[in-house]
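Coordinate-derived values only; no laboratory data. Quantities reported herein were computed from a predicted structural model and do not represent experimental measurements.
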Amino acid sequence: MPGFVREALEQHGLMAAYQARPPYQRNDYIGWITRAKRPETKDKRLAQMLDELASGDRYMKMPYQAKRP
């Protein structure tokens, strides 16, 4: 995980929410953010991930409901 993503997750208190997502979602988020060429795009994608993790009901702008154990 890139340092700037880790810092953002920790600053917003969302590391646990990130870790609770399935591995494919965590990988998708990281790849999607780091593939952006422009810094503005990286920032926008990072903000979207943080917003989705905070709400807990979306993944890549699609409805998401965590599976209950």
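What translational diffusion coefficient, in µm²/s and rounded to a whole number, does the Stokes-Einstein relation yield for the chain at 25 °C and a viscosity of 0.890 mPa s, taking the hydrodynamic radius as the Kirkwood radius over Cα pairs? Provide the component values of the computation, followed by the final result.
On the way: Rh = 12.2 Å.
Here the translational diffusion coefficient equals 201 µm²/s.
For the chain, find the longest principal axis of its Cα atoms and tell me its angle to the long axis of helix 23-34, 0 to 90°, nearest 10.
The two axes meet at around 20 degrees.
Express the relative contact order of the chain as a whole percentage, based on alpha carbon pairs under 8 Å and six or more residues apart in sequence.
Values: 41 pairs, mean separation 18.8, N = 69.
In percent, rounded to a whole number, it is 27.
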